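Please read the structure below before turning to the comments.
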Amino acid sequence: MHRDLQLRFLRTMLRIRRVEERCIAFAETGEIRAHYHLYIGQEAAGTGASAALAPDDYVFTTHRNHGHVIAKGGDPGKVLAEIIGRSGGYLGGRGGTFHVAAPELGIPHTSAIVGGSLPIAAGVAFAVRRRKGQRATLAFFGDGTMEEGVFYETLNLAQLWRLPLVFFMENNSVSAAERAGRGSPTSEHAAKALSDVPRAFGVETATVDGTDVEAVFALVRRLLERVRSGEGPFFVESRTTRWPGNYGAFPKLVGGTTDIAWALDAASAPDGVRAWTMESDPVIAYAAKLLWHGAIDAAALRAIDAEVRGEVDRAARFALESPLPQAEALAGVG
Amino acid sequence: MSVEVRAPAATRTLKFAEALAEAVDEICAEDPRVVLIGARFTGHTPSAHVMEPVTRKHASRIVWPPISELAYCGVAVGAALAGLRPIVEMSTATFSYEAVPQIVNEAAVIAAMSGGRVRAPVVFHMLYGIRGGGGPQHSGSPQAWWWNSPGLQVAMPSSPADVKGLLRWAALRSEGPTVFMDHQRLMELEGPVPTGRHEIPFGQADVKRSGGDVTIVATSIQVSRALEAANRLAREDGIEVEVVDPRTLEPLDRATIFASVRKTGRVVVTDESHENAGVASGLAAIIAEECFDALRAPIRRVAIPPTPVPYAESLERALIPDTERLVAAVRALR
């Protein structure tokens, strides 16, 4: 894989990690007003999938959207401003953390209802197909969506109408040992392997280690070529392992912010996060891989991290300095 | 925008169903962005067949979805986001209950969440009301639900001219989502329909009969019943009733309603939904708030008592807010 692309992957994943860490700080200071959801631990999936998309392809996401918007090219300042409900956010603060969308990036609307975006994504794909367009649609959603009826309705309809759509299911509840195996355990689903379900509808499925950015990129790029030639829809199960801070609706920064030096020695990560860092952290794993293959050295890695931190510091400042929206922003949108 | 609001010189007499079918035909012919998801606009009514030539002529513009109201309403929303102008024909209005998440929690909020940058011009057409033998699950009148959901427009035509004019406007001009509710028993109603591209912008009430003694604010099929009641009251009691038809609940033409109420000082509001927090209740509250000083008697509601609609004709008849009940309500005001 080309080194420029590898460095792009690393920067994007780090950018997501640093933005998400900033969200926890914003929650502690009360800038985030209610519960919220983070993408820590899934950075490789969003980054790899989005890198395979064309700039004008459509993306749909969920309540766990921050990373997807950044991966599609979202400005961290506008993302953070939206997350804390400021006028400089992508939606002027009307959507907030649950609904970050960026119409100009092909993310027209983000539903925070589990499964809410799925039929809308199918509708966009339907419109593209009717107009014989080439734009693909990729819908990110979590394994919990497969507990909703709308998933089955949408899957059936998408397959009946052969829509140019990738169902990108992020199963973030898989143990490190199970990521490469056949099982995809989730405590609330009767199906033993979630990707068996779409196959019953005749939908081709693929399973990928969602902590491996290059594997996700290669898979999605291949599927998008087939989608554009009319072979869709497809279903991907991306398997990741839950970050220890990510239980419940109020994430905790277990082990503190990620120290890029853990890429040199993952065992140096603090107690609460050590095992996860060693086995399941996509950012640290990728940095370590690039070090191992000599794509970068430790100094270059520190420089990239410092650069991204600076960028996210500026983004956070932009968000905090952005004014609260005024009541006039409510007018004229009925 | 150039629209013919008042009937021009030339009209023909059409049935409601014929005017509806003519509107669908013209809409498909005039705007290639229009796509029909389902097309049984005339349901199982005696006039169902009038749609047949239209669906034959525009077969390429129609998709017949699986029995998946939630998914296909979401598909319509997505298709609208991607630049099509979908009309969803849901048939019996109670089927829309399966799709409430997409209609109320997605379509309705998109424009508000994006500050009007993203819009979903989709029409959800449904046949509501006590059709005769529908029983508790096929006689529903959910108009108050939609009216209670900010971000949705609600159209309730009462005449052949209005169904054509309002549907053309919703499908071809509106930038927001519309719930378009036709009463199942209106399909046979005959009336004059202007020739040409007759359109009625939303938010324009129509005084269907002038009178100085009592105002009946009536929606949809209740307009026919109110006109019958008015004729009887004029003949038997010498009471001159003014019948005001809002035509759309959202946007609501308050000025026309208030002007009539201020003239007569006596008001009956009637709609074929349930009394509890129904459309009649909502209209009564608005009138009471704004015109209390002009009222010379309490506002009366004529709606369906809070009982699920039964199957047996004798029981069903007891619930219908018919001419008899309107006459009694007006007499009770004196």
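The values are calculated or read from the model by the stated rules, or taken from the named source; none is laboratory data. Since the structure is predicted, the reported quantities are computational estimates derived from the model, not experimental observations. As a convention, Cβ positions derive from the backbone with ideal geometry for all residues, glycine included, and neighbour counts pool all protein chains shown. Heavy atoms of the whole protein, side chains included, go into the accessibility calculation; ligands, DNA and RNA do not. Shrake-Rupley method; radii C 1.70, N 1.55, O 1.52, S 1.80 Å.
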Exercise for the section: Determine the equivalent ellipsoid of the stretch B:11-194 by diagonalising the alpha-carbon gyration tensor, then write out the semi-axes as square roots of 5 times the eigenvalues, largest first, rounded to whole Å. Expected result: 24, 19, 15
Exercise for the section: Grab the alpha carbons of the stretch A:100-141, take their convex hull, and tell me the volume per residue in Å³. Expected result: 63
Exercise for the section: Evaluate peptide B:115-121: per residue, the Cβ atoms of other protein chains within 10 Å of its Cβ; return the mean as an integer. Expected result: 5
Exercise for the section: Return the value, in Å² to the nearest 100, of accessible area buried between chains B and A (probe 1.4 Å, both sides summed). Expected result: 2700
Practice task
Before anything else, pin down the relative contact order of chain B: Cα pairs under 8 Å, at least 6 apart, normalised by residue count, whole percent.
Solution key: 18
Problem - For chain B, calculated [θ]222 nm from helices alone, where every DSSP H run of n ≥ 4 adds -39500 (n - 2.57) - result: -10000 deg cm²/dmol
Exercise for the section: Please work out the average accessible area per residue across chain A, using the 1.4 Å probe convention, and give it in Å². Expected result: 38
Practice task
Roll a 1.4 angstrom probe over the protein heavy atoms and tell me the percent of accessible area of the protein assembly as shown that is carbon or sulfur.
Solution key: 52
Handout entry: Cβ-placed point charges (K, R +1; D, E -1), dipole of chain B about Cα centre in debye, nearest 20
Key = 300
Problem - 10 Å Cβ neighbours from other chains, averaged over peptide B:144-150 - result: 0
Fill in the blank from the handout: the stretch B:206-332: relative contact order from alpha carbon pairs under 8 Å, six or more residues apart, as a whole percent, is 28
Exercise for the section: May I ask for the Rg/Rh ratio of the protein assembly as shown, computed from Cα atoms with Rh as the Kirkwood radius, given to two decimals? Expected result: 1.06
Handout entry: At most 12 other Cβ within 10 Å, DSSP loop - trypsin sites (Lys or Arg not before Pro), the stretch A:243-289
Key = none
Problem - 1.4 Å probe accessible area per residue over the stretch B:11-194, in Å² - result: 30
Practice task
Evaluate peptide A:91-102: per residue, the Cβ atoms of other protein chains within 10 Å of its Cβ; return the mean as an integer.
Solution key: 3
Handout entry: For the stretch A:32-40, Karplus couplings with θ = phi - 60° (6.51, -1.76, 1.60), whole Hz, Gly/Pro x
Key = 8, 8, 8, 6, 7, 9, 10, 9, 4
Handout entry: Per residue convex hull volume, Cα atoms of the stretch A:3-255, in Å³
Key = 118
Handout entry: Positions from the stretch A:288-334 whose accessible area shrinks by 50 Å² or more when the full protein complex is built, not the chain alone, probe 1.4 Å
Key = A:333
Fill in the blank from the handout: Farthest towards the positive end of the dipole of the stretch B:206-332, among B:234, B:221, B:310 and with Cβ unit charges of +1 on Lys and Arg and -1 on Asp and Glu, lies the Cα of B:234
